[in-house]
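Asks: One structure, pasted below without further comment.
Readers should treat all values here as calculations from the given coordinates under stated rules, not as data from a laboratory. Please read these numbers as outputs of a predicted model, since none were measured by experiment. Using ideal geometry, Cβ is built from the backbone for each residue, glycine included, and neighbour counts are taken over all protein chains shown.
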Amino acid sequence: MSALRNPWGKPRGLALVTWLYVAWSIVPVLLAIRFAFNQGRSRTEMQGWSLRWFWQDPVLSVFHDPTLLSALRQSLVLAALAMLIAVPLGTALALGLQRWRGPASGPVNVLMLLPLVTPELVFAVGMFLLFTTAFSFIGLGTPAQVIGHVTFSVSFVVLIVRGRLATIGPDVEEAAADLGAPPHEIVRRILLPLLAPAIAASLLIVFALSIDDFVVAQYLASGADTTTVPMRIYAQARGAPTPALNALATIMLAVTLLTLALAYFVLRAVNRGARKGAALEQLATLDTGSPIR
Amino acid sequence: MSRGEIRLEGLAKAFGGVVAVDAIDQHIPGGEFFTMLGPSGCGKTTTLRLIAGFERPDAGAIRLDGVDLSGTPPHKRPVNTVFQSYALFPHMSVRENVAFGLRYQKATRAEADRRTGEAMAMVRLDGLEERRPGQLSGGQQQRVALARALVLEPPVLLLDEPLGALDARLRVDLQVELKRIQEALGITFVYVTHDQDEALTMSDRVAVMRAGRIEQCGEPQSIYEEPATAFVANFLGSSNLIPATVSADGDGCRLALGAFSLRAAHGEVASGDALAMIRPERVRLGAHGEPGENRLPGMVEEVVYLGFHRELRVRLATGALVKANEPNDGSVAEYHQGDPVSVHLPADCLRVLAADGTVTA
């Protein structure tokens, strides 16, 4: 109210709402992490601190339970492959779409964005039918999961890279051509360096999308060895959950935060000479939500 | 034959049915400072982009020293461009920007270093080699863009409003410098601008463009002194364009302006409706009732102080408004608002131009 009466005063009401929201969203995560370090078997009652559920327990800890370890491995493999395929593919698509001036370019632009709004379940069911019928030679399993993740994350890459292309503008490309650079040299010496922040952000986003995905991975899985972390957590939460699940989630969170930090430093290195805080702003504008829900 | 001779032959370009360049024929001899001047949308930038190769012509040829370039992609054309936005590469240092094109000329390392150094010295960029474009002022960025193009020693340099983004003082300095560089190198400059001062100051020849065509082309002085159309007279400098009726006469041209009669030394129109054109600095004001040829009664409607001169807006008895400039030479202002005056339009400063619906007096 004070803000209303005094327009020059600090917006205390807004600050309060902001902090309440931050607390509301972060407390469950902190609680989950707390129980990862629980000494006892309970996930609701605090019983001292230990690393038992990470590796000390010879049977039930993440590093000794083969199902948890395999889930972790599968999640990281899927995320890595999705990144390696979706980002170069999406960057190439963005460059192509940016240049393409034709009657079909409009509809294609809209189609490119469809995966962003398609319900994940619809997409997953469609993929499932595709790999069990038309593309049965691929079948279900890791390749299908990778293709699924690449398919829905390519749109994000295209969106991010095209946004950056729009700010770069056609002038520098024309200037490079004018100075004698053939098309492939323009891509290598001008566009790729200038797109580096967008490419770094795309890698991060694809990683987060893949790690986070439950529905597509679930539908396209072929058995125990293609179970990902979200699938494992979902399956075990109903059975006999131990704090090892919290430990697993904590590891995933740590990996994601590390990726974020890495992306930040890459962006900062790329933005050398630009004003301070630019890297953080770019990350903030590109993040589509918290990587682990 | 000097290098850098350009011939545009029937050059035409339309964008989605809108004609941007309408069958232009133009010869630009090597080593000329040639300016295309016109309002936005007149096709001057499109013509430049056609020469650079960023656009493909619908018809016509672009000959550089006799060779048609219209089918050659931009990176294989021996012409270089200075962009209005400079289009510097933000991730490269000034030195890397300037040296960018040398890689494609197969220059040795030592030669590239020497030429880069020379180009930067020519545009006075010494000491800024390791800076990034983002750390430079607008004028410095403009110099980098110039050095980056000049280092390749092109026979023709294309400049697209290169001074448009700079403040007025800097613009004047760089005009002088551009002219110096062009004369020192002896290469052809094709310069696009909408700024008449730039066009008059630097150019060997100016082409005034309108609606995709060249309306008039000539030396700055002849274009300014002898505009062929009302559009040129109005676009280049300030003009009085007074509607009148022409009746041909042996000695020059006789004009009827209401009940008054005028004599003009130069005429483009034989008879009928026309525009009498005179520059404000050529209009003389005298005491009301002064006798003599080409004198019209009027009343000072407004006096505008413009620093280096005063502009007097005089309403003639016929209803037309005439602007007259009085130099600010320290003398006391002779006429004030409301004063009756005699407006003298000297016959040899008066030109008769075709009436053209787009320009009003």
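Asks: Skipping prolines and chain starts, which residues have an amide H placed within reach, meaning under 5 Å, of the one on B:THR81, given they are 5 or more residues away or on another chain?
Replies: B:LEU158
Asks: While we're on this one: Measure nothing but the geometry: give the 0 to 90° angle between the long axis through the Cα atoms of B:109-122 and the longest principal axis through the Cα atoms of chain B, rounded to 10°.
Replies: The two axes meet at around 20 degrees.
Asks: Can you compute the helix-only [θ] at 222 nm over chain B? Use -39500 (n - 2.57) per DSSP H run of at least 4 residues, normalise by all residues, nearest 500 deg cm²/dmol. Please list the in-between numbers first.
Replies: On the way: 8 runs with 79 residues, N = 361.
Value at 222 nm, helices only, nearest 500: -6500 deg cm²/dmol.
Asks: Quantify how strongly other chains surround peptide B:215-224 by giving the mean number of their Cβ atoms within 10 Å of each of its Cβ atoms.
Replies: Numbers: counts 0, 0, 0, 0, 0, 0, 0, 0, 0, 0.
Mean shielding count: 0.
Asks: For chain B, what's the relative contact order in percent, using C-alpha pairs closer than 8 Å and at least 6 residues apart?
Replies: Relative CO of chain B lands at 16 percent.
Asks: Another one. What fraction of the Cα pairs in the protein assembly as shown, stated in percent, has a spacing above 47 angstrom? Each step should come with its number before you reach the end.
Replies: Details: 94583 of 213531 pairs.
The share of Cα pairs beyond 47 Å in the protein assembly as shown comes to 44 percent.
Asks: Compute the length gained on full extension between A:VAL110 and A:PHE265: take 0.36 nm times their separation in residues and subtract their Cα-Cα distance, giving the result in nm to one decimal.
Replies: Working: separation 155, 0.36 × 155 = 55.80 nm, distance 3.35 nm.
Result: 52.5 nm gained on full extension.
Asks: Using a Gaussian network model of chain B with C-alpha springs under 10 Å, which one of B:VAL82, B:VAL206, B:VAL172 is most mobile by mean-square fluctuation?
Replies: B:VAL172
Asks: A further question follows. Looking at the protein assembly as shown, send over the antiparallel percent of its DSSP beta bridges, to the nearest 5.
Replies: 75
Asks: Just counting partner chain Cβ atoms within 10 Å, what average do the residues of peptide B:89-101 show around their Cβ?
Replies: On the way: counts 8, 7, 11, 3, 1, 0, 0, 1, 2, 1, 1, 8, 6.
Per residue, the number of nearby Cβ atoms from other chains is 4 on average.
Asks: How large is ³J(HN,Hα), in whole Hz, for each residue of segment B:184-199 in order, when computed from phi with the Karplus curve 6.51 cos²θ - 1.76 cosθ + 1.60 and θ = phi - 60°, using x for Gly and Pro?
Replies: Values, residue by residue: 5, 8, x, 9, 6, 10, 10, 10, 10, 7, 10, 9, 5, 5, 4, 4 Hz.
Asks: Then there is this: What is the magnitude of the charge dipole of segment B:131-274 about its Cα centre, with +1 placed on the Cβ of each Lys and Arg, -1 on the Cβ of each Asp and Glu, and no other charges, expressed in debye to the nearest 20?
Replies: Details: 13 positive and 19 negative charges, 120 e Å.
Dipole about the Cα centre, nearest 20: 580 debye.
Asks: How large is ³J(HN,Hα), in whole Hz, for each residue of segment B:279-293 in order, when computed from phi with the Karplus curve 6.51 cos²θ - 1.76 cosθ + 1.60 and θ = phi - 60°, using x for Gly and Pro?
Replies: 6, x, 6, 9, 7, 10, 10, x, 5, 4, x, 4, x, x, 6
Asks: I'd like the distance between the alpha-carbon centres of segment B:213-265 and segment A:1-46, rounded to an integer number of Å.
Replies: Cα centres, segment B:213-265 to segment A:1-46: 79 Å.
Asks: When the helices in chain A are scored as -39500 (n - 2.57) per DSSP H run of 4 or longer and the sum is shared across all residues, what 222 nm value do you end up with, to the nearest 500 deg cm²/dmol?
Replies: Working: 13 runs with 202 residues, N = 293.
Calculated mean residue ellipticity at 222 nm is -22500 deg cm²/dmol.
Asks: Follow-up. As a footprinting exposure proxy, order B:LYS323, B:LYS76 by other Cβ within 10 Å, with the fewest listed first. It would help to have the intermediate numbers written out before the result.
Replies: On the way: B:LYS323 18, B:LYS76 13.
Fewest to most other Cβ atoms nearby, the residues stand as B:LYS76, B:LYS323.
Asks: A further question follows. Find the Cα radius of gyration of segment A:50-123, compare it with 2.2 N^0.38 Å by division, and give the number to two decimals.
Replies: Working: Rg = 20.8 Å, N = 74, 2.2 N^0.38 = 11.3 Å.
Taking N as the residue count of segment A:50-123, the ratio is 1.85.
Asks: Label point 7 Å out from A:THR67 along Cα-to-Cβ: which residues of segment A:227-247 have amide N under 14 Å?
Replies: Inside the label zone: A:227-246.
Asks: Looking at the calculated P(r) for chain B, what percent of the C-alpha pair distances fall above 30 Å?
Replies: Numbers: 31669 of 64980 pairs.
Counting every Cα pair in chain B, those more than 30 Å apart make up 49 percent.
Asks: Which stretch or stretches of segment B:276-304 have amide N atoms under 14 Å from the point lying 7 Å from B:ASP339's Cα along the Cα→Cβ direction?
Replies: Within reach of a label on B:ASP339: B:284-290, B:298-304.
Asks: Let me ask something else. Return the whole-Å distance between the Cα centroid of segment B:109-168 and the Cα centroid of segment B:44-67.
Replies: 24
Asks: Percent relative contact order of segment A:1-91, based on C-alpha pairs within less than 8 angstrom and at least six residues apart? List each step's numbers first, then the result.
Replies: Numbers: 55 pairs, mean separation 9.7, N = 91.
Result for segment A:1-91 is 11 percent.
Asks: Suppose a student asked you for the relative contact order of chain A, using Cα pairs under 8 Å spaced at least 6 residues apart; what percent would you report? Don't jump to the answer; show the numbers that get you there.
Replies: Numbers: 318 pairs, mean separation 76.0, N = 293.
This gives 26 percent for chain A.
Asks: Per residue of A:166-176, how many C-beta atoms from partner chains lie within 10 Å of its own C-beta, taken as a mean?
Replies: Values: counts 0, 0, 1, 2, 2, 6, 8, 2, 8, 16, 7.
If you average over the peptide's residues, the count of other-chain Cβ atoms is 5.
Asks: Something else now. Can you sort B:HIS336, B:HIS91 by how many other beta carbons sit within 10 Å, fewest first? Intermediate values should be presented prior to the final figure.
Replies: Numbers: B:HIS336 9, B:HIS91 21.
Listing B:HIS336, B:HIS91 from fewest to most nearby Cβ atoms yields B:HIS336, B:HIS91.
Asks: Taking a point 7 angstrom from the Cα of B:GLU301 along the C-beta vector, which residues in segment B:322-352 have backbone N less than 18 Å away?
Replies: B:322-326, B:335-345
Asks: Ranking B:TYR86, B:TYR224 by Cβ neighbours within 10 Å, fewest first, what do you get? Can you show the working numbers first?
Replies: Numbers: B:TYR86 23, B:TYR224 18.
Neighbour counts put them in this order, fewest first: B:TYR224, B:TYR86.
Asks: Residue by residue through segment B:55-65, what is 3J(HN,Hα) from phi via Karplus (6.51 cos²θ - 1.76 cosθ + 1.60, θ = phi - 60°)? Round to whole Hz and write x for glycine and proline.
Replies: Here the 3J(HN,Hα) series is 10, 9, x, 6, 7, x, 10, 10, 9, 10, 6 Hz.
Asks: Something else now. Taking only Cα atoms and a 10 Å spring cutoff, compute GNM fluctuations for chain A and point out the largest among A:LEU260, A:LEU89, A:LEU20.
Replies: Maximum among the listed residues: A:LEU20.
Asks: Let me ask something else about it. Determine by what factor the alpha-carbon radius of gyration of chain A differs from 2.2 N^0.38 Å, reporting the quotient. List each step's numbers first, then the result.
Replies: On the way: Rg = 22.7 Å, N = 293, 2.2 N^0.38 = 19.0 Å.
It is 1.19.
Asks: Between helix B:138-150 and chain B, what is the angle of the helix's C-alpha long axis to the longest principal axis, kept within 0 to 90° and rounded to the nearest 10?
Replies: It is inclined by approximately 60 degrees.
Asks: Continuing with the same structure: Between A:PRO119, A:PRO183, A:PRO58, find the one with the highest GNM mean-square fluctuation for chain A; connect C-alpha pairs within less than 10 Å.
Replies: Comparing A:PRO119, A:PRO183, A:PRO58 in the GNM, the peak value goes to A:PRO183.
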